[in-house]
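The values are calculated or read from the model by the stated rules, or taken from the named source; none is laboratory data. If you're wondering where the values come from, they're calculated on a predicted model, not measured in any experiment. Glycine gets a Cβ as well: all are built from the backbone with ideal geometry, and neighbour counts include every protein chain shown. Keep in mind that these areas ignore ligands, DNA and RNA; they rest on the heavy atoms of the full protein, side chains included. Shrake-Rupley method; radii C 1.70, N 1.55, O 1.52, S 1.80 Å.
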Amino acid sequence: MSAPDLLKTLLYTINNVLQQEKYRAALAVIKGFRNGAVYGAKIRAPHALVMTFLFRSGSLRDKLRAIAKATYQHSRNLAYFVFTYKGLQALQERIQGKSLQSQSFFAACLGGWLVFGENNNINSQINMYLLSRILFALSRLAVEKGLIPQPKQDPFPLFASLVWGLVLWLFEYYPHTLQPSLQSSMNYLYHDSNVWHDISDFLIYNKPRAVAPK
């Protein structure tokens, strides 16, 4: 059999397996791992690029290494989580014989513990990102279920006021409680803008450029 024929046979076999209903749950777990890895890389790479070149010092090589490390960690963790979550969900459904809301919750809890339970910068950012979305969603769900009344006016202005009031109060008086990346952003916006020496570090640069020793 020639190489092209062998390739055609291989592709036919793979495509045939992908169409088998009995393999669907396992294949969904594998594709979930793939999608987690790709999505994690797409999300983290541009964020790490911007944050590294804005706030990180060091050589270009060090910066590129930091970007690659952050992108890999985010991509890997998300891939592992999706794989774990979908695998545990499918296992529970197979054991219990039906799909239940509790299966999703317990699968995600265990996956979160195993994958995102380590306290590091990447996991901290991801968990806090999700927390803000969860609070919004639970508020909407509480209204939908009748647990709290429908607001007569849009509560978003009050929400924005409290968010910004609290974060700036924490930054000004208890900055150590905030995440390092947020501290860096706040320093750049609110403290570095209090200092300048001439037109160069007033409009062009944030801080005066270091003069090379003679």
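Find all pairs meeting these conditions: Cβ atoms under 6 angstrom apart; at least six residues apart or on different chains; first residue within region 158-174 and of a type outside the set (F, W, Y); second residue surrounded by 12 or more Cβ atoms within 10 Å (Cβ to Cβ) and not in a helix (DSSP H, G or I).
Here the result reads L170/L178, each pair linking region 158-174 to a residue that is surrounded by 12 or more Cβ atoms within 10 Å (Cβ to Cβ) and not in a helix (DSSP H, G or I).
Identify, by number, the condition in (1) closer than 24 Å to L49 by Cα; (2) outside any loop (DSSP other than H, G, I, E, B); (3) open to solvent by 100 Å² or more (accessible area, probe 1.4 Å) that S185 doesn't meet.
Going through (1) closer than 24 Å to L49 by Cα; (2) outside any loop (DSSP other than H, G, I, E, B); (3) open to solvent by 100 Å² or more (accessible area, probe 1.4 Å) one by one, S185 breaks only (3).
Consider region 139-153. How many of its residues are open to solvent by less than 100 Å² (accessible area, probe 1.4 Å) and within 27 Å of the chain's Cα centre (by Cα)?
3
Got at least one residue in region 128-136 being closer than 23 Å to R44 by Cβ and among the aromatic types (F, W, Y)?
Yes.
Condition first: of a type outside the set (S, T, Y) and open to solvent by 70 Å² or more (accessible area, probe 1.4 Å). Now tell me which residues in region 56-85 satisfy that.
Passing the criteria: R56, L60, R61, L64, R65, K69, R76, F83.
Of all the residues that make up region 14-42, how many are free of Cβ contacts under 8 Å to residues at least 60 places away in the same chain, of a type in the set (V, I, T) and either open to solvent by less than 70 Å² (accessible area, probe 1.4 Å) or within 15 Å of S75 (Cβ to Cβ) (or both)?
Number satisfying all stated conditions: 2.
Residue by residue through region 93-108, note down the ones that are surrounded by 18 or more Cβ atoms within 10 Å (Cβ to Cβ) and more than 15 Å from F33 (Cβ to Cβ).
Within region 93-108, just Q103 meets the criteria.
Could you tell me which residue of region 102-151 is nearest to L162 (Cα to Cα), considering only residues that are among the charged types (D, E, K, R) and in a helix (DSSP H, G or I)?
Ranking the qualifying residues of region 102-151, first place goes to R133.
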